[in-house]
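The structure appears right after this line, and notes come after that.
The values are calculated or read from the model by the stated rules, or taken from the named source; none is laboratory data. Nothing here was measured: the structure is a model prediction, and the numbers come from that model. Reconstructed Cβ throughout: ideal geometry from the backbone, glycine too, with neighbour counts over all protein chains shown. Heads up: the accessible areas ignore ligands, DNA and RNA and are worked out on the full protein's heavy atoms, side chains in. Shrake-Rupley method; radii C 1.70, N 1.55, O 1.52, S 1.80 Å.
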Amino acid sequence: MNSLLWLPFLPLLGTFVPLLTARYSRTACAFMTAVLPAVTLFLILSHASDIFSGKHFFASVPWVPAIGLELAFRLDGLSLLFSILILGIGLLVILYARYYLSAQDSMGKFYAYLILFMFAMLGVVLSDNLIQLWFFWELTSISSFLLISFWGHKSEARKGARMALTVTGAGGLALLAGLLLLGHTVGSYSLQTVLDSGDLIKASASYPIITVLILLGAFTKSAQFPFHFWLPNAMAAPTPVSAYLHSATMVKAGIFLMARFYPSLAGTDLWFLLVSLTGLATFLTGAYVALFQHDLKGLLANSTISHLGLITLLLGMGTDLAAVAAIFHVINHAIFKASLFMAAGIIDHESGSRDMRQLNGLWKYMPYTATLAMVAASSMAGVPLLNGFLSKEMFFTETLHQASLGSLSWMIPVLATLGGVFSVAYSMRFIHDVFFNGEPINLPKTPHEPPRYMRVPVEILVALCLMVGIFPTMIVGNLLYSAASAVLNGDVPHYSLAIWHGFTYPLLMSFIAMTGGLIIYTNRQHFFKFHAQFPTSDSKLVFERVMQTLASKAHKFISFTENGSLQRYIFFTLLLAIVMTTVPLLQLNTTAGQRPEIPVDALSITCVVLLCVAGVATVIWHRRRLIALLTLSVVGLIVSLAFAKFSAPDLALTQLSVEVVTVILLILALFFLPQKTPKESSPRRVVRDLGLAAFVGGTVGTICYALMTRPLDTISTFFTENSKTGGGGTNIVNVILVDFRGFDTLGEITVLGIAALGIYKLIARMRLFMPSSDDKGRPWSEDKYPLLLAVISQSLLPLALLVSAYIFLRGHNMPGGGFIAGLITSVAIIQQYIAHGVDWIKQRLKLDYQIMIGSGIGIATLSGLGSWLFSRPFLTSWFDYFYLPVIGKFELASAMMFDLGVFLTVVGATMLILANLGQLTTSERATQKEHE
Amino acid sequence: MEGMYAFCVGLLTACGVFLTLRGRSFSVVVGLTLLSYAVNLFLFASGRLKLDAAAVLGQSKSIGDPLPQALVLTAIVIGFAMTAFAVILAMRARADLGNDHVDGQIPQPRHGINQKTGGAK
């Protein structure tokens, strides 16, 4: 069945409909909006008969199968029931909202949010993949945030929305953790697999954690004690939202989740304790608090909390019949509570108030609405012949059969009856206080009946209350049976939906509840007085305070770790790095390995001493910057000597030429920077940094030593063996660079080019600090370019270029290559700059270094692309040997073209940096045109 | 020899780290340069130290490990680009902000006292 794949997305498409049609009349907009949900409902209902006969539908598209990600939907009894609730009540709410919203409200926006929520909710109940289910779960939180805060100009709407999002969002995170753990335990994120592995899950060690995390998600969403406080505050939403989200759908998502995972998680003592006790506590507190609300919607909200507690309690009991009763009550509660919210909205809309101290005697003004509301409220109280009565009877029956609390089990039916007493009392209050009980007091408007069609949704729902109450099997029998079969993942026990079971204990409990409720309501003055003695606590204020404390704590923590000090960041980064490195080192038994060491000779010792002295001197004199630069260059020279000594001629050459370029660069830069560093580190800071530096140095040295004294297991054998035969060169290092790992090198020269261009950009708009004298106050020398230097360097230039060409050409077979040749050429050109100045060079050397970089990278890339002409992979090299009379045998390789690209890029980049830095003070300096 | 080599690598690392932790941009650049010497030597050493064993075929009896050499060669060049970028950035920062502190402003003395609590009130 493929339609299941796109069917849930119809409402998502429908999100755009109201936005597009809002410009037409309100009725047109509402009608168009309703079309897609109606089609979806119709399509889902068309599968109903198959599902009633026991079939399930699945549809999935793999996405990343390796980690269990897929788009997967399922349609079974439970999904069907919830889909009908979501879409059916959704359609009624669309009709209702058409009349509820005022002209100032943006109807398109409201419907768009509503349909988005519908899509999210439908996704939750149809998902067949855990991660996907969670995604839709979070989408319901977000879209309900948008709906609750729809009247964003009201402070309480914003606060209520934020609170709902925080609580349900936090629960959603717990749920994600639980689902991931669940999927990990089962080995699959497919819901069906999870449902079939109940025994495996319950036997696993992580079962308690999974259960607690998933229940946290369910409890926060379904407003279970102690997370229930967000629901009354969410009543700031427009009433259609409350009728939709807070009676039938969003708050039922938690219930749905518990029902969905019932086969996987339920049936243990842990489940019983957590779920049923939470449900019982919620049932009682909700019912008690509801009685004392003066706000009509506040009463309904708390009654919703209480009924959700009742359903949770049923799901927690663990018996099959209790699960059936839970599902039945889900249906019934959705029907009567949605109609009650709508009735409350009508009253609010037509009388201008929701305060039950003002609303009295509305029977005279709106008898028709009053009748509807009274039937629905009676159903809420559990009056016979109405649907609420049936599920409440089932509930009472199940509490009687509960034995999990041992000898204290009798408490459950007693407490359940007590909750029933309060339910009757607040339902009485809803009926009597609002519609009778004298005359209205100071209402802003004179109440009257609502528009004809605003009443239609209420009429439909109330009619359902009656029909389900009188002919339960006919109306919901199949739906209930298939949903219960999905929850129990198999056989459904025998149950009877009859109205009359004879004179039984449950009937007695109902009778007690009725009588008790009447007594409490008639004596409500005493209860109100008693209740008024408690200090009132506003959950909004408490929540706000907690949030602000959290925010300020987080702020403090962040300002500690991120105070904008680079020194602190580096310190922490290095500290963390060193801790991570030290731990494995502690497990290394001996530092020295088995490999024999090279004997020490006098020359090496001299070099080491020089290096150490220069290194330490750099640190000691780092505040006298020129001296530090000189000692730094000594270190660099000895490093290049070390490369030469330990058989790396390419590295020695590169290091030497880079050293020259670097020192020239740093000296040039130093001209524009302060010549000295002030002394500003506190002694404590110096000691701390020295300590860390010594520790890092010691660790790195240790690793280096341990590494070098252990035998080498190299992967380079491949390169050594194939260098000549495959790459056509004997200098393996160069062949690796231009051939084996040519792609890396291409990336590298690109980075070099980008860095150079970045530097060019930085230089281009720099304001200059030009010292007119050196740090001792002496003016700069008048004598610009020493003649001796000019003559010598000019005569050296051809020689240097010749050397560079030689190094470049032999690079494939002997130490050398594009990198080194490029650096040598750069040094030769820089020398001319130093000896003659920018103007002199400009007249003689017309090179655009940016073009040089570009052509370098271009040539290298083209030489790689060339291999495509011969149907070879990118950068495949080619070489052959040729013979010319005078020169003799010589080799040509495509890698040389690549090396030429490297050469050009290196020269271009180096010169772009140095030449532009060097000519900063001259008229040739790089400038940038203002674009604006 | 290996011991001395490792000592030098450690010392250069320590010097580099200490200077990198200073507050002025030029010291940081010098520190980074020292650190990159140390890193290059360290990487090179992972191919083990060998005498008279250039990675060129037909030149000597034994052949050193060419792979770390190739890596270090490009590292040296990229290291130069990084140093250049850092120092020019330091110049630019000094030109735009008027000081050469790494945070763009010279910390006030009171800030120095508060270092222990990280500037939190």
### Task
Say whether the condition of being assigned to a helix (DSSP H, G or I) and among the charged types (D, E, K, R) is met by at least one residue in region A:419-431.
yes
### Breaking point among (1) open to solvent by less than 10 Å² (accessible area, probe 1.4 Å); (2) at pLDDT 90 or above; (3) not basic (Lys, Arg), for A:ALA669
(2)
### Task
Output the residue which, of all residues in region A:636-695 that are at the interface with chain B (Cβ under 8 Å from one of its Cβ atoms) and aromatic (Phe, Trp, Tyr), is nearest to the chain's Cα centre (by Cα).
A:PHE672
### Query
Can you name every residue in region A:400-433 that is at pLDDT 90 or above and β-branched (Val, Ile, Thr)?
A:VAL414, A:THR417, A:VAL421, A:VAL424, A:ILE431
### Query
Considering only residues of region A:700-722 that are within 18 Å of B:ALA14 (Cβ to Cβ), open to solvent by 40 Å² or more (accessible area, probe 1.4 Å) and more than 7 Å from chain B (Cβ to nearest Cβ), which is nearest to the chain's Cα centre (by Cα)?
A:ILE703
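How many residues are within 30 Å of A:VAL64 (Cβ to Cβ) and out of contact with any strand residue (DSSP E or B) (no Cβ under 6 Å at 6 or more places or on another chain) if we restrict to region A:84-132?
Narrowing region A:84-132 to residues within 30 Å of A:VAL64 (Cβ to Cβ): A:86, A:115-132.
Cutting the leftovers down to out of contact with any strand residue (DSSP E or B) (no Cβ under 6 Å at 6 or more places or on another chain) gives us A:86, A:115-125, A:127, A:130-132.
Qualifying residue count for the region: 16.
The rows are residues; the columns are (1) in a loop (DSSP other than H, G, I, E, B); (2) out of contact with any helix residue (DSSP H, G or I) (no Cβ under 6 Å at 6 or more places or on another chain).
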residue	(1), (2)
B:TYR5	no, yes
B:PHE26	no, no
B:THR33	no, no
B:LYS50	yes, yes
B:GLY58	yes, yes
B:PRO68	no, no
B:LEU73	no, no
B:MET82	no, yes
### Message
I need a count of the residues in region B:91-104 that are aliphatic (A, V, I, L, M) and more than 7 Å from chain A (Cβ to nearest Cβ).
### Response
2
#### Entry: Sole exception among (1) closer than 23 Å to A:GLN567 by Cα; (2) at the interface with another protein chain (Cβ under 7 Å from one of its Cβ atoms) for B:VAL39, by number
(2)
### Query
Limited to region A:555-588, what total is found for residues that are over 16 Å from A:GLY701 (Cα atoms) and either open to solvent by less than 50 Å² (accessible area, probe 1.4 Å) or not in a helix (DSSP H, G or I) (or both)?
11
### Query
Can we say A:GLY309 is open to solvent by 10 Å² or more (accessible area, probe 1.4 Å) and either free of Cβ contacts under 8 Å to residues at least 12 places away in the same chain or under 18 Å from A:ALA218 (Cα atoms) (or both)?
no
### Query
Taking B:SER46, is it under 30 Å from A:ALA755 (Cβ atoms), at the interface with another protein chain (Cβ under 7 Å from one of its Cβ atoms), surrounded by fewer than 22 Cβ atoms within 10 Å (Cβ to Cβ) and modelled with pLDDT of 85 or more?
yes
### Message
I want to confirm something. Restricting to region A:727-778 and keeping residues that are of a type in the set (Lys, Arg) and more than 9 Å from every other protein chain (Cβ to nearest Cβ), which single residue is surrounded by the fewest Cβ atoms within 10 Å (Cβ to Cβ)?
### Response
A:LYS776
#### Entry: Single unsatisfied condition, A:PRO8 versus (1) more than 25 Å from A:GLY345 (Cα to Cα); (2) in a loop (DSSP other than H, G, I, E, B)
(2)
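Give the residues of region A:350-383 that are hydroxyl-bearing (Ser, Thr, Tyr) and open to solvent by less than 40 Å² (accessible area, probe 1.4 Å), sorted by residue number. Break it down stepwise before answering.
First pass over region A:350-383, keeping only residues hydroxyl-bearing (Ser, Thr, Tyr): A:351, A:353, A:365, A:368-369, A:371, A:378-379.
Of everything in region A:350-383, those that are hydroxyl-bearing (Ser, Thr, Tyr) and open to solvent by less than 40 Å² (accessible area, probe 1.4 Å) turn out to be A:SER351, A:SER353, A:THR369, A:SER378, A:SER379.
Could you look through region B:24-36, keep only residues that are open to solvent by less than 10 Å² (accessible area, probe 1.4 Å) and more than 15 Å from A:GLY615 (Cβ to Cβ), and pick out the one that is nearest to the other protein chains (Cβ to nearest Cβ)?
Going residue by residue through region B:24-36, those that are open to solvent by less than 10 Å² (accessible area, probe 1.4 Å) are B:26-27, B:29-31, B:33-34.
Adding the requirement that they be more than 15 Å from A:GLY615 (Cβ to Cβ) leaves B:26, B:29.
On the way: B:PHE26: 5, B:VAL29: 7 Å.
Only one residue tops the list, namely B:PHE26.
Those residues that are of a type in the set (Val, Ile, Thr), at pLDDT 85 or above and over 44 Å from the mean Cα position of the chain (by Cα), I need them from region A:855-908; list them, please.
The answer is A:VAL907, and nothing else.
Which is over 16 Å from the mean Cα position of the chain (by Cα), open to solvent by 30 Å² or more (accessible area, probe 1.4 Å) and small (Gly, Ala, Ser), of B:GLY104, B:GLY98, B:GLY64? If you could, list the steps in order and put the result at the bottom.
Values: B:GLY104 fails: open to solvent by 30 Å² or more (accessible area, probe 1.4 Å); B:GLY64 fails: open to solvent by 30 Å² or more (accessible area, probe 1.4 Å).
Answer to the selection: B:GLY98.
For B:GLY58, indicate whether it is within 30 Å of A:SER565 (Cα to Cα) and either open to solvent by less than 10 Å² (accessible area, probe 1.4 Å) or at pLDDT below 90 (or both). Please lay out each step first, then the result.
On the way: within 30 Å of A:SER565 (Cα to Cα): no; either open to solvent by less than 10 Å² (accessible area, probe 1.4 Å) or at pLDDT below 90 (or both): yes.
Against the criterion (within 30 Å of A:SER565 (Cα to Cα) and either open to solvent by less than 10 Å² (accessible area, probe 1.4 Å) or at pLDDT below 90 (or both)), B:GLY58 does not qualify.
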### Task
Using the structure shown, decide if B:LEU51 is open to solvent by 10 Å² or more (accessible area, probe 1.4 Å), more than 22 Å from A:SER604 (Cα to Cα) and modelled with pLDDT under 90.
no
### Task
Look at A:THR618 and say whether it is surrounded by fewer than 17 Cβ atoms within 10 Å (Cβ to Cβ), modelled with pLDDT of 90 or more and either closer than 30 Å to A:VAL661 by Cβ or at the interface with chain B (Cβ under 9 Å from one of its Cβ atoms) (or both).
no
### Query
Listed residues A:CYS607, A:CYS612; which is more than 7 Å from chain B (Cβ to nearest Cβ), in a helix (DSSP H, G or I) and under 17 Å from B:GLU2 (Cα atoms)?
A:CYS607
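With the structure loaded, tell me whether A:LEU81 is touching a residue at least 60 places away in the same chain (Cβ under 8 Å), open to solvent by 20 Å² or more (accessible area, probe 1.4 Å) and in a helix (DSSP H, G or I) or whether it fails that test.
So A:LEU81 does not fit the description; no.
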### Selected residue [touching a Phe, Trp or Tyr at 6+ places or on another chain (Cβ under 8 Å), crowded, with 18+ Cβ neighbours inside 10 Å and in contact (Cβ under 8 Å) with a residue 60 or more places away in the chain] from A:VAL608, A:VAL658
A:VAL658
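Yes or no: B:THR74 of a type in the set (Val, Ile, Thr), touching a residue at least 40 places away in the same chain (Cβ under 8 Å), farther than 21 Å from A:GLY593 by Cα and at the interface with chain A (Cβ under 7 Å from one of its Cβ atoms)? Before the answer, list the steps.
Values: of a type in the set (Val, Ile, Thr): yes; touching a residue at least 40 places away in the same chain (Cβ under 8 Å): no; farther than 21 Å from A:GLY593 by Cα: yes; at the interface with chain A (Cβ under 7 Å from one of its Cβ atoms): yes.
No; evaluated as a whole, the condition is false for this residue.
Does A:ILE834 count as within 14 Å of another protein chain (Cβ to nearest Cβ) and open to solvent by 20 Å² or more (accessible area, probe 1.4 Å)? Talk me through it step by step, then tell me what you get.
On the way: within 14 Å of another protein chain (Cβ to nearest Cβ): no; open to solvent by 20 Å² or more (accessible area, probe 1.4 Å): yes.
Against the criterion (within 14 Å of another protein chain (Cβ to nearest Cβ) and open to solvent by 20 Å² or more (accessible area, probe 1.4 Å)), A:ILE834 does not qualify.
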### Message
Looking at region A:250-265, can you tell me whether even one residue there is modelled with pLDDT under 95, open to solvent by 10 Å² or more (accessible area, probe 1.4 Å), under 24 Å from A:VAL414 (Cα atoms) and aromatic (Phe, Trp, Tyr)?
### Response
no
